[in-house]
Structures are given as structure tokens and as C-alpha cells.
């Protein structure tokens, strides 16, 4: 699947999850529908209006295998979270353990244990993008990683 097709499909899924009825009105190259419009559409298409707020959701996928064949230990990863993630997002985060695979720059399939970090934060959190990029850069530098996958989306959130 091409990157453009993946982005288009992701946009359609996001629009459907948020209750947007005209999914063809949004493409990855156009601006997303206004926040108020999304909330109004969600409320009008649901039998029970949602009482939450629209927040940003960022997922980061951290691989554990280093180029020399060693791995990032649980202790090293927790120290990284304590030193690099928590100071940027002290209000909360979620960590999930996983196992995944990807094709690296050399064309090899790498299978490894991974960690998934989920961050939810208000739309108006201005420095969140810089904080997320600082976390990605710090992890790549500390553990000689080729990349840290980032996925951004919108979520309706209620506490």
C-alpha cells in the first residue's frame, strides 16, 4: 500500500470514528474539519451526545534491539521514561509492552520486543510537538535506534 493510500485510508477511518459523514471532504493534503464541526457532527449523529473534549493522541513505538545485537533492558527503558518522558508529560501517560517487526533501511526484517507510549493532551498544548520530537531524538541517540514510529490522531476524551 502506498503512503498516500495509507494516509487516505487513515483519514477516512478517523473521520468515521469521529462521526464525519462526508469522508470525501477530507484528504490528507487538505486541512481537517474544524474541531467544533467534528464535535457537532459527533453529537448530532449519536443518540447520546458525548460529554468529552477533543484531544490530541500521540503513540510512540520504541524498538528494543540495538545494532550490536544487545537490547534495551526494562530497567534502561524505565530510566529513559523517568528522565525523558515524564518531565514533558507529567500529567500522565500509558505504556504498553509489545512485539513487532519492521523492515530496516538495509532491507532486513527486524523482529523485536517493543514499548508503545500513548500520550493524550489538550489541543491547545503548544509545546507538545517539540516535546514529542525531543523524546524521539533522545531515544534514538541513547539506544542507537534507526527510528521511533510516531502516530498522531484525535480522540474524544472524558475523565
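If you go through region 101-130 and keep only what is under 18 Å from residue 154 (Cα atoms) and within 13 Å of the chain's Cα centre (by Cα), you end up with 116, 117, 118, 119, 120, 121, 128, 129.
Residue selection: residue 135 satisfies the criterion of being at pLDDT 95 or above, under 19 Å from the mean Cα position of the chain (by Cα), within 30 Å of residue 52 (Cβ to Cβ) and assigned to a helix (DSSP H, G or I). Give me the residue from region 24-75 that is in contact with a helix residue (DSSP H, G or I) (Cβ under 7 Å, 6 or more places away or on another chain) and more than 24 Å from residue 120 (Cβ to Cβ) and, out of that set, modelled with the lowest pLDDT. For region 24-75, the residue satisfying everything is 27.
Identify all residues within region 98-144 that are exposed (fewer than 11 other Cβ atoms within 10 Å of the Cβ) and within 17 Å of residue 76 (Cβ to Cβ); write none if there are none. 141, the sole residue that qualifies. Would you check which residues across region 50-96 are surrounded by 11 or more Cβ atoms within 10 Å (Cβ to Cβ), in a strand (DSSP E or B) and either over 16 Å from the mean Cα position of the chain (by Cα) or without any contact (Cβ under 8 Å) to a residue 60 or more places away in the chain (or both) and list them? Hits for region 50-96 are 53, 65, 71, 95, 96.
The values are calculated or read from the model by the stated rules, or taken from the named source; none is laboratory data. Given the structure is predicted, the values throughout are model-derived calculations rather than measurements. For neighbour counting, all protein chains shown are included, and Cβ atoms are generated from backbone atoms with ideal geometry for every residue, glycine included.
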